[in-house]
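Below is one structure, written out as structure tokens; the observations come after it.
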Amino acid sequence: MSDPLQTDFPELSNLSREDLEELLADPLYFQSIFHSLPRVEALYQSQAELGSANEAIAQKNLTLQEGLYTLRSETKEAFDEAKRLEARWKELEREQKEMYQRFTPQFLLMRLKHSTSAQDDLSERLASSFVHSSSSSSSFSNENETAVAATNKEMDDFVREFKELRKVYHKRVVWGERWAGGQVQWRDD
């Protein structure tokens, strides 16, 4: 029957029993025999090759390191710039929406109605003011020719200004009526 030790390690088959016992007793002898085994030498050889390959890969990685750091920095700067531009885009969209809001048909119609009402109030205040000022000046005697001329000048100025205010008012009323009648069309371009 063959010994399992010699079957697994045929390199030890030429050693005597005393050599084997000494091998177990002396760690230096064991190390020298162990390291001379072809399997162990092959293992150390492949380990050395792997170490060299790892070292070569590490050296290559080190040569790429600076470029990668630069690329990382540039990428971060580009990302930060993109985020800043995205925030600016949202701000501009909000501003644009607010701007367009002032030009929607509903908003413009509301402004037309308000301005028509304000124009009517303005012309009525002018008329009331003129009536109050002329009633207070009529209590004086109209004997003086310069007073009559001044009153005529005031009257002409009032009529001219009142006509102009009412003309604007009526134009706005006509636009409002056209709008209500569907005759005004707004384009989005």
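Scanning the stretch 175-187 for residues that are in a helix (DSSP H, G or I) and surrounded by 11 or more Cβ atoms within 10 Å (Cβ to Cβ), which turns out nearest to the chain's Cα centre (by Cα)? That would be Trp179. The condition of being touching a Phe, Trp or Tyr at 6+ places or on another chain (Cβ under 9 Å) and surrounded by 11 or more Cβ atoms within 10 Å (Cβ to Cβ) holds for only one of Leu122, Leu71, that being Leu122. Among residues of the stretch 166-189 that are without any contact (Cβ under 8 Å) to a residue 60 or more places away in the chain and farther than 14 Å from Arg111 by Cβ, those with a beta-carbon under 6 Å from a residue that is in a loop (DSSP other than H, G, I, E, B) and of a type in the set (Val, Ile, Thr) at least six positions away or on a different chain give the pairs Arg178/Val184. The residues listed here are Thr75, Thr116; of these, the one that is in contact with a helix residue (DSSP H, G or I) (Cβ under 7 Å, 6 or more places away or on another chain) and either outside any helix (DSSP H, G or I) or not charged (D, E, K, R) (or both) is Thr116. Pairing residues of the stretch 100-111 that are within 15 Å of Trp179 (Cα to Cα) and modelled with pLDDT of 85 or more with residues that are surrounded by 11 or more Cβ atoms within 10 Å (Cβ to Cβ) and of a type in the set (Ser, Thr, Tyr), at Cβ distances under 9 Å and at least 6 apart in sequence or on separate chains, gives no pairs at all.
The values are calculated or read from the model by the stated rules, or taken from the named source; none is laboratory data. Computed from a predicted structure; not experimentally measured. Note: ideal-geometry Cβ built from the backbone for every residue, glycine included; neighbour counts use all protein chains shown.
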